[in-house]
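The values are calculated or read from the model by the stated rules, or taken from the named source; none is laboratory data. These numbers were taken from a predicted model, which means no experiment stands behind them. Every residue, glycine as well, gets a Cβ built from its backbone with ideal geometry; the counts of neighbours run over all protein chains shown.
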C-alpha cells in the first residue's frame, strides 16, 4: 500500500445499552476499532432515562483522548463511541464524533461510518428551512433531519439520505443502530450478559467478551431499550447489495468476521488465487506488513516458495508526515518499514502487497530491495487495479491520481522498477471472499457505482422546488433519481 495515499478508513462505531460500565466498555471497543480511524475519538454516555448526556472527545488516538479521570466523568449505563478518519468534513475537533444536539424532541447523539452522496443537496435544503450547521460533517445532516421531524424518527430521517451509512444513535431512552439499504459498511450485534452491543466489527466484541449475535442486515434498523431489542426492516429489500469488498482486502482486522466470513481466511485465499494467476520462479515471498501478511501466506502455501518477513514495521510512528525534501520522504518510507538486508541479498523476491494506489512507496520499496542486493523483484497485489474513486467513505485520490488509471500494466511495472507485476482479478477476489458477486460493491475496481453522485441537474431541481408545502422527510424525485 502506498503510504503517501493510504485510503483513509471509513470510521468505526460502537454502542452498548444496559451495562453499568458502558462507557469503559465503549472505550475498549474503540481501542479494538482503532485501525478504522486515527484522527479523533469520542464517547457519549447517559445513565437513567432522560438524564443529561455526558460527552468527551478529542483529536488523536483512543489512548491519547481518554484518561482514567475522563472515563470516570462519563460513566453511564448506555453509551455510543466513534473513531474517525475524515472523508466528508475537515479534520478538526468540531467534526469529531459522536455529534450531539439538544432540540425539541430531546437529546440526540450520532456516530456514523460511511459517506452520504446527497449530503450537499440535503444541507442546502435544510439551510433553506432555517437549519444552522455547526460542523462540515455530513453526519450532522442526519441529526437535523431528525430534529425537524415531530417524532424525531430516525427511520424517516434515514429515508432521505443516500450513500453508505452504518450508524449508531442515542436518544433519551434508547440506542439505535442502522445500515443503509445496500449494506456498504459493516455493523454487527453482540450480547454481554444482559446488555446489547453494536459494533463495526466483531473484533471489538471479542475484546470485551461479548457474544456475537448476528449482523445488522442491509436496510435494517435495530432499536434497543429497556424492553430489549426490536427490528425494523424495509418492506421491499434492494435488488442487490453492495458491501465494500475492500473491507476484506484492507480495512477490517484479520480477526473479524464479515458476513460470516473470517477476514484472515479470505486474505489467505486471495494470496492463493494470486499465486495461481501469476506464478513466478522465486526464492522467497515477502509481505508488506501488516495488510499483506495473510495474502503472502496464501501465496507461499500455494506456490511452495518460502515465506520471509524481510520488512520490519515500526508500530510507533503514528501518522505518516510529508516533507518536500526527497531525502526526508525516503526516510519516512524507511521509518515505517525497514528491510532486513541479509534476508533478500542475492535472492529472487516476490513482494505481496494489498494494493497500489499512487505507487510512490511501492517504487521506493523496490529501490530498497535492489540496494540490498535482491537479484529480482516481483510485485504481486492481492486486489484488482484501483481505477475509480470511492463515493461511499474511502478517501481514495482522484481518478487522475490513481496509477492504474494512467498506465498499462507494463508501464506500471517499469515505473515501479519491478521485474514483473501481477494483480488479482475481480472474479478471483470474489472467490476468495466466498460470497456471491452480487453481494459486493467493487466500484473502485470496475466503475459499477450502485448509487451515482448528484449532478448539476439535481441541484437545479432542488433549487426550483418550493420551500413550503412538502414534508421535509419525504423521499423526493431528486433523491430517487440518484439510484441507478
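Condition check ((1) modelled with pLDDT of 90 or more; (2) buried (at least 22 other Cβ atoms within 10 Å of the Cβ); (3) not assigned by TED's automatic domain parsing to the domain that holds residue 220) across all residues:
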site: 71; (1), (2), (3): yes, no, no
site: 79; (1), (2), (3): yes, yes, no
site: 108; (1), (2), (3): yes, yes, no
site: 133; (1), (2), (3): yes, no, no
site: 137; (1), (2), (3): no, yes, no
site: 142; (1), (2), (3): yes, yes, no
site: 146; (1), (2), (3): yes, yes, no
site: 155; (1), (2), (3): yes, no, no
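Only one of the numbered conditions (1) surrounded by 22 or more Cβ atoms within 10 Å (Cβ to Cβ); (2) assigned to a helix (DSSP H, G or I); (3) touching a helix residue (DSSP H, G or I) at 6+ places or on another chain (Cβ under 7 Å) is not met by residue 161, and that is (2).
For every residue, the table says whether it meets (1) in the same structural domain as residue 404 (by TED's automatic domain parsing); (2) modelled with pLDDT under 95; (3) closer than 30 Å to residue 251 by Cβ; (4) surrounded by 21 or more Cβ atoms within 10 Å (Cβ to Cβ).
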| residue | (1), (2), (3), (4) |
| --- | --- |
| 340 | yes, no, yes, no |
| 353 | yes, no, yes, yes |
| 358 | yes, yes, yes, no |
| 369 | yes, no, yes, yes |
| 377 | yes, no, yes, yes |
| 380 | yes, no, yes, yes |
| 384 | yes, no, yes, yes |
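Does the range 90-98 include one or more residues that are surrounded by 14 or more Cβ atoms within 10 Å (Cβ to Cβ), within 25 Å of residue 192 (Cβ to Cβ) and at pLDDT 95 or above? Yes, the conditions are met somewhere in the range 90-98.
In the set 402, 327, only one residue is at pLDDT below 95 and surrounded by fewer than 21 Cβ atoms within 10 Å (Cβ to Cβ); that residue is 327.
Report yes if residue 424 is under 21 Å from residue 257 (Cβ atoms), crowded, with 22+ Cβ neighbours inside 10 Å and assigned by TED's automatic domain parsing to the domain that holds residue 364, otherwise no. Against the criterion (under 21 Å from residue 257 (Cβ atoms), crowded, with 22+ Cβ neighbours inside 10 Å and assigned by TED's automatic domain parsing to the domain that holds residue 364), residue 424 does not qualify. When residue 191 is tested against (1) touching a residue at least 40 places away in the same chain (Cβ under 8 Å); (2) outside any loop (DSSP other than H, G, I, E, B), only condition (1) is not met. Test residue 239 against the criterion of being over 17 Å from the mean Cα position of the chain (by Cα) and in contact (Cβ under 8 Å) with a residue 12 or more places away in the chain, and give yes or no. The answer is no for residue 239. Restricting attention to the range 216-236, the residues that are within 21 Å of residue 451 (Cβ to Cβ) and touching a residue at least 40 places away in the same chain (Cβ under 8 Å) total 5.
Yes or no, residue by residue, for (1) more than 28 Å from residue 409 (Cβ to Cβ); (2) in a loop (DSSP other than H, G, I, E, B):
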position: 197; (1), (2): yes, no
position: 240; (1), (2): yes, yes
position: 269; (1), (2): no, no
position: 272; (1), (2): no, no
position: 279; (1), (2): no, yes
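Of all the criteria given as (1) out of contact with any helix residue (DSSP H, G or I) (no Cβ under 6 Å at 6 or more places or on another chain); (2) touching a residue at least 60 places away in the same chain (Cβ under 8 Å); (3) assigned to a loop (DSSP other than H, G, I, E, B); (4) over 30 Å from residue 264 (Cα atoms), the one not satisfied by residue 184 is (4).
Just one residue in the set 21, 102 is in the same structural domain as residue 223 (by TED's automatic domain parsing) and at pLDDT 95 or above; that residue is 21. Would you confirm, using the coordinates I've provided, whether residue 120 is surrounded by fewer than 19 Cβ atoms within 10 Å (Cβ to Cβ) and closer than 20 Å to residue 146 by Cβ? It is true that residue 120 is surrounded by fewer than 19 Cβ atoms within 10 Å (Cβ to Cβ) and closer than 20 Å to residue 146 by Cβ. Could you list, in sequence order, all residues of the range 12-56 that are without any contact (Cβ under 8 Å) to a residue 60 or more places away in the chain, over 23 Å from residue 165 (Cβ atoms) and not in a loop (DSSP other than H, G, I, E, B)? Within the range 12-56, 23, 24, 27, 54, 56 qualify. The single condition among (1) on the phi < 0 side of the Ramachandran plot; (2) modelled with pLDDT under 95 that residue 299 does not meet is (2).
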